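Novice: Please read through the structure below; I'll follow up with questions.
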Amino acid sequence: MSDQAESTNKSFYITTPIFYVNDVPHIGHAYTEVAVDTLARWHRQSGEDTWLLTGTDEHGQKIERTAAANGVGPKEWADKLVEEAWKPLLKTVDIANDDFIRTTDERHEVAVAKFLQQLYDDGHIYEGVYEGYYCVGCEEYKQLDDLEIPTDGEFAGQYVCKIHSRPVEILAEKNYFFRMSDFGQALLNLYEEQPDFVQPESVRNEIIQFVKQGLEDLSISRSSFDWGIKVPWDPSHVVYVWFDALLNYVTAIGWGSDNDAFRRRWPAVHIVGKDIARFHAVIWPAMLMAAGLPVPARVFGHGWLLVGGEKMSKSKLTGIAPEQITDVFGSDAFRYYFLSAITFGQDGSFSWEDLSARYQAELANGFGNLGSRVIAMVQKYRDGRVPDAPLDPAITELEKTVTDAAHASIGKLAIHDAISSIATLVDALNLYVTVNQPWVLAKDSAQASRLDTVLATLVHGIGTLAVLFSPVMPKATATLWAALGEGGAVTDVRVDRAWDRPGGGTVSTLEPLFPRIELEPNSA
Ligand code: MSP
């Protein structure tokens, strides 16, 4: 086995949230997917036994009502949205997931009932009465702090949810409760002992504040509607949709059915939007503690894509469909843009002008043009054969430094920093072309060996770029790699040792990786 193919035997399990099927995806959902996919591809290409789980959240009142409004049953509605919208999203933005779980899968429903029964048998669940406000958009019971009373507009004078800007409902019903309050201190200890358990820092502080105020027990069943998993000891109740949904992370990898498989993968790194970090960093670890299972490895709350300063959302009619962007710019540019332009963990605003400007400067004129130019020079001056010459140590050193920096950034989930590091190599290679002027060297036969070195160094550097960028832009880098002629697939090269290759080969013509795009005036 070559060094490059060696496996590290480390396992890496990463998840996206599972998406509500009440509506079709927008670019905010696609953003979560591409971030997780890029991290997964990087780890996979670092030789780790990687598993990426994504899927759909199909129970609850929100889905039931949407289906009814469309004149179909909830399962029929979910089937349609999964097949026509959510699975196609994965193709649209080029996600290499290992599994796709639906909360209506039998494997999930059976394991959820088993988990609940275990908690009930162990005394973590009791019967009580819930009275309070409920937001169907969030599928969450609300405190007064989470609500506001608008003074004008359609809902003037009513309590509305701050996230959905829609009225909450008043609920009073007999429910089963999870004794979450038992776990307050254990959770605070967890945040203290494992400071990177919840990230980024802003989300961590908010969560700690929340838990310090004291945890209430959590209502985990509903009896006023029946689109959900039945509570095993009382089928007049269905399981609260978040309790059901969070369990997908363990039911998908075999909890309750294949414990060896479960133990091999668990715990997970959960990447979620910051709006749902609380469910993942408070309720979820408390549920796991109650069941005697290890808590997740990490919970990272990323920022929101904003439109007009507000969270992009279909319910507020600001959603942009991912295909609107990928049809014009392609999936690689979509991935690159959102992951490089936004600091992972902070909010970011999308604009067509910004996307178009960065596409042109960084991809078309930057990375893409560098590849085409260098390949054309090897064809022109060396008949396409990459010279077997010593490489310029300044550039090979930089390849190594950039690789290490990018790898370290990915370990910290700082995807934007990893991309900035890689971009320094693009700039350095462009500068290297300008400084060395291969077209001048080519005119002087006394400079033949210098030209060999310059060309070999450039091809090697671009090969390193192809490897490093492959988790971000899988398609363009595969094309570039094939044109460089080094052989094999770019994904066979270890990304954490991207520079560590013999090089050489015969190049072939490369069509522009990122062709010029004229935006129609009205799409901006
Ligand atoms: N079904 C729950 C998650 C259950 S996980 C056990 C849910 N679904 S969702 O479809 O509403 O949202 C899924 C993810 O998309 C969340 O991480 C959410 O933060 C993210 N986004 C939704 N709108 C977004 C933006 N405008 N910007 C970035 N991410 C956004 O919540």
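The values are calculated or read from the model by the stated rules, or taken from the named source; none is laboratory data. Treat the numbers as computed from the prediction; the structure is a model and nothing was measured. Note that each Cβ is placed from the backbone with ideal geometry, even for glycine, and that neighbours are counted across all protein chains shown. We work out accessible area using only protein heavy atoms, side chains counted, and drop any ligands, DNA or RNA first. Shrake-Rupley method; radii C 1.70, N 1.55, O 1.52, S 1.80 Å.
Novice: Could you say which residue among Thr326, Thr343 is in a loop (DSSP other than H, G, I, E, B) and either closer than 25 Å to Ile462 by Cα or not hydrophobic (A, V, I, L, M, F, W, C) (or both)?
Specialist: Only one candidate passes the filter, namely Thr343.
Novice: Continuing with the same structure: Of everything in the range 257-275 that's under 17 Å from Thr16 (Cβ atoms) and small (Gly, Ala, Ser), which residue is nearest to the ligand (Cβ to nearest atom)?
Specialist: Within the range 257-275, the match that is nearest to the ligand (Cβ to nearest atom) is Gly273.
Novice: Looking at this structure, is Gly273 on the phi > 0 side of the Ramachandran plot and open to solvent by less than 30 Å² (accessible area, probe 1.4 Å)?
Specialist: Numbers: on the phi > 0 side of the Ramachandran plot: no; open to solvent by less than 30 Å² (accessible area, probe 1.4 Å): yes.
No, not satisfied.
Novice: Give me the pairs: first residue in the range 169-194 and touching a residue at least 24 places away in the same chain (Cβ under 8 Å), second residue in a strand (DSSP E or B) and of a type in the set (A, V, I, L, M, F, W, C), beta-carbon distance under 6 Å, and six or more apart or on different chains, which are they?
Specialist: Correct list of pairs: Lys174/Val129; Tyr176/Ile125; Phe178/Ile125; Phe178/Leu218; Met180/Leu218.
Novice: Of Phe210, Phe183, Phe177, which residue is part of a strand (DSSP E or B), open to solvent by less than 80 Å² (accessible area, probe 1.4 Å) and at pLDDT 95 or above? Can you show your working first?
Specialist: Values: Phe210 fails: part of a strand (DSSP E or B); Phe183 fails: part of a strand (DSSP E or B).
Within the list Phe210, Phe183, Phe177, the selection yields Phe177.
Novice: Let me ask something else. Given the conditions (1) surrounded by fewer than 19 Cβ atoms within 10 Å (Cβ to Cβ); (2) under 34 Å from the mean Cα position of the chain (by Cα), and given that Asp444 satisfies all but one, which numbered condition is not satisfied?
Specialist: Unmet for Asp444, out of (1) surrounded by fewer than 19 Cβ atoms within 10 Å (Cβ to Cβ); (2) under 34 Å from the mean Cα position of the chain (by Cα): (2).
Novice: Next up: Just one of the numbered conditions (1) more than 15 Å from the ligand (Cβ to nearest atom); (2) closer than 21 Å to Ser409 by Cα; (3) open to solvent by less than 60 Å² (accessible area, probe 1.4 Å) is not true of Trp51; which one?
Specialist: Every listed condition holds for Trp51 apart from (3).
Novice: Of the conditions (1) surrounded by 24 or more Cβ atoms within 10 Å (Cβ to Cβ); (2) hydrophobic (A, V, I, L, M, F, W, C); (3) within 16 Å of the ligand (Cβ to nearest atom), Trp42 satisfies every one except a single condition; which number is it?
Specialist: The one condition Trp42 does not meet is (3).
Novice: Further, regarding this structure: Considering the range 246-261 alone, what residues qualify as being surrounded by fewer than 18 Cβ atoms within 10 Å (Cβ to Cβ) and in a helix (DSSP H, G or I)?
Specialist: Asn259, Asp260, Ala261
Novice: Further, regarding this structure: For Gly60, state whether it is surrounded by fewer than 19 Cβ atoms within 10 Å (Cβ to Cβ) and touching a helix residue (DSSP H, G or I) at 6+ places or on another chain (Cβ under 8 Å). Even if it seems obvious, please write down each step before you answer.
Specialist: Numbers: surrounded by fewer than 19 Cβ atoms within 10 Å (Cβ to Cβ): no; touching a helix residue (DSSP H, G or I) at 6+ places or on another chain (Cβ under 8 Å): yes.
So Gly60 fails the test.
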